[in-house]
Amino acid sequence: MVVMTNHPVTNFPDTNLPDTNRPATNRPLPSVTVLGLGSMGQALAGAFLDAGHRTTIWNRSDGKGDGLVARGAVRAATPAEAVRASDVVVVCVVDYDAAQAVLDRAAGDLPGRLLVNLTSDTPERARAAAAWAERTGVDYLDGAVMVPVPVIGTPDALIFYSGTRSAYEKYGTTLEALGGRSAYVGEDHGLAAVYDLSILDFFWTAMHGLVHGMALAGKEGVRAADLVPYLKANVDLLASVVDGTAADVDESRYPGEMDNLAMEAEGIEHIVRAAEHRGLDTSALRGVLTAARRAIDLGHGADTWSSTVEGIRNPV
């Protein structure tokens, strides 16, 4: 889950399923319950209210949700009462252990409803939660929120969903209240977490590189702001190679006619040496160099950077 308040909205691809279930105007909208009223949970409940859904809320501790109640939400005294109130139950708490503790208190009231878990975790935890939901007799979608709180409920908000396809098709329009770029990624309940972790793997590694590069320049008296136009151009360059890199990785072919890994590794070595000379931490940068050297040892010195995936997949 992304919670950075200064995270820029990305133009993610539109991967929604075709909307074939938009309710007729004379039919009531599905009712929704939100369990957990942290900053994200409150934003989710607010988005449902804004879309016209009858919304019930519950939080483990008192003192949260007064603003939602003032806008029309109904506060439940227990998780079971909250679940009984709605067709769709959304849980968004700190982790899966907390989510399970809440859901265990309402397990007998969940059958016949859709449970949507927007508590980010690993694919393994998502699949375990899905197995519990199946034993409980409830349709289950696992989800991952990919935008910060202020973006929830806007056309730019991306949320991944995976799990029971028929449930997503039935309630997809309801879930669109949370974000205009809701994306269903497959029946495997772990897939939303796979997409979440993979994209954030890239994001946080890139954020580290951004800050590290600014720190390196700063050691020579260059302001981070002075790098901005050149960094943005570099981001554009990176965007231009995403499609080709994906094809290389999927097809396990790494043509290095235009550049090669051995040359690129030497360039990274120069950056590491310069950074260490200036007293900077280089643990992550040395990890990048290690990945390049490992691929070279596997025989990919004449291939392109994409070949480092071979050593990442098999690090021993």
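The values are calculated or read from the model by the stated rules, or taken from the named source; none is laboratory data. As the structure is a prediction and not an experimental result, all values here were calculated from the model. All Cβ positions, glycine included, derive from the backbone under ideal geometry; neighbour counts span all protein chains shown.
Inspect all residues belonging to the range 127-141 and state whether any of them is part of a helix (DSSP H, G or I), in the same structural domain as Met40 (by TED's automatic domain parsing) and hydroxyl-bearing (Ser, Thr, Tyr).
Within the range 127-141, one or more residues are part of a helix (DSSP H, G or I), in the same structural domain as Met40 (by TED's automatic domain parsing) and hydroxyl-bearing (Ser, Thr, Tyr).
Name the residue that is farthest from Gly180 (Cα to Cα), counting only residues in the range 45-66 that are among the hydroxyl-bearing types (Ser, Thr, Tyr) and touching a helix residue (DSSP H, G or I) at 6+ places or on another chain (Cβ under 9 Å).
Ranking the qualifying residues of the range 45-66, first place goes to Thr56.
Against the definition (touching a Phe, Trp or Tyr at 6+ places or on another chain (Cβ under 9 Å), at pLDDT below 95 and either surrounded by fewer than 22 Cβ atoms within 10 Å (Cβ to Cβ) or not assigned by TED's automatic domain parsing to the domain that holds Ile159 (or both)), how does Asn16 come out, yes or no?
It is true that Asn16 is touching a Phe, Trp or Tyr at 6+ places or on another chain (Cβ under 9 Å), at pLDDT below 95 and either surrounded by fewer than 22 Cβ atoms within 10 Å (Cβ to Cβ) or not assigned by TED's automatic domain parsing to the domain that holds Ile159 (or both).
Looking at (1) surrounded by 11 or more Cβ atoms within 10 Å (Cβ to Cβ); (2) at negative phi, which is the only condition Ala225 fails?
(1)
Among (1) hydroxyl-bearing (Ser, Thr, Tyr); (2) over 16 Å from Leu114 (Cα atoms); (3) modelled with pLDDT of 95 or more; (4) in contact with a strand residue (DSSP E or B) (Cβ under 9 Å, 6 or more places away or on another chain), which single condition is Ser182 missing?
Here Ser182 meets the rest and fails (3).
Can you give me the number of residues within the range 67-81 that are in contact with a helix residue (DSSP H, G or I) (Cβ under 9 Å, 6 or more places away or on another chain), more than 26 Å from Lys170 (Cβ to Cβ) and in a helix (DSSP H, G or I)?
1
Out of all the residues in the range 169-223, which are among the hydroxyl-bearing types (Ser, Thr, Tyr) and in contact with an Asp or Glu (Cβ under 6 Å, 6 or more places away or on another chain)?
Of everything in the range 169-223, just one residue is among the hydroxyl-bearing types (Ser, Thr, Tyr) and in contact with an Asp or Glu (Cβ under 6 Å, 6 or more places away or on another chain), namely Ser182.
Is one or more of the residues making up the range 82-104 buried (at least 22 other Cβ atoms within 10 Å of the Cβ), under 19 Å from the mean Cα position of the chain (by Cα) and part of a strand (DSSP E or B)?
Among the residues of the range 82-104, at least one is buried (at least 22 other Cβ atoms within 10 Å of the Cβ), under 19 Å from the mean Cα position of the chain (by Cα) and part of a strand (DSSP E or B), which makes the answer yes.
Quick check, is Pro111 under 15 Å from the mean Cα position of the chain (by Cα), farther than 19 Å from Leu29 by Cβ and assigned by TED's automatic domain parsing to the domain that holds Gly52?
no
Does the range 158-184 hold any residues that are crowded, with 21+ Cβ neighbours inside 10 Å and within 28 Å of Leu237 (Cα to Cα), and which are they?
Leu158, Ile159, Phe160, Arg181, Ser182, Ala183
Is there a residue in the range 206-214 that is outside the structural domain of Thr164 (by TED's automatic domain parsing), outside any loop (DSSP other than H, G, I, E, B) and more than 29 Å from the chain's Cα centre (by Cα)?
Scanning the range 206-214 turns up no residue that is outside the structural domain of Thr164 (by TED's automatic domain parsing), outside any loop (DSSP other than H, G, I, E, B) and more than 29 Å from the chain's Cα centre (by Cα).
Anything in the range 100-109 that is closer than 17 Å to Val32 by Cα and not β-branched (Val, Ile, Thr)? List them, or say none.
Of everything in the range 100-109, those that are closer than 17 Å to Val32 by Cα and not β-branched (Val, Ile, Thr) turn out to be Leu103, Ala106, Ala107, Asp109.
Under the condition of being out of contact with any helix residue (DSSP H, G or I) (no Cβ under 7 Å at 6 or more places or on another chain) and among the hydrophobic types (A, V, I, L, M, F, W, C), which residue from the range 147-185 is farthest from Leu29 (Cα to Cα)?
Val147
What single numbered condition from (1) closer than 19 Å to Val32 by Cα; (2) buried (at least 21 other Cβ atoms within 10 Å of the Cβ) fails to hold for Gly112?
(2)
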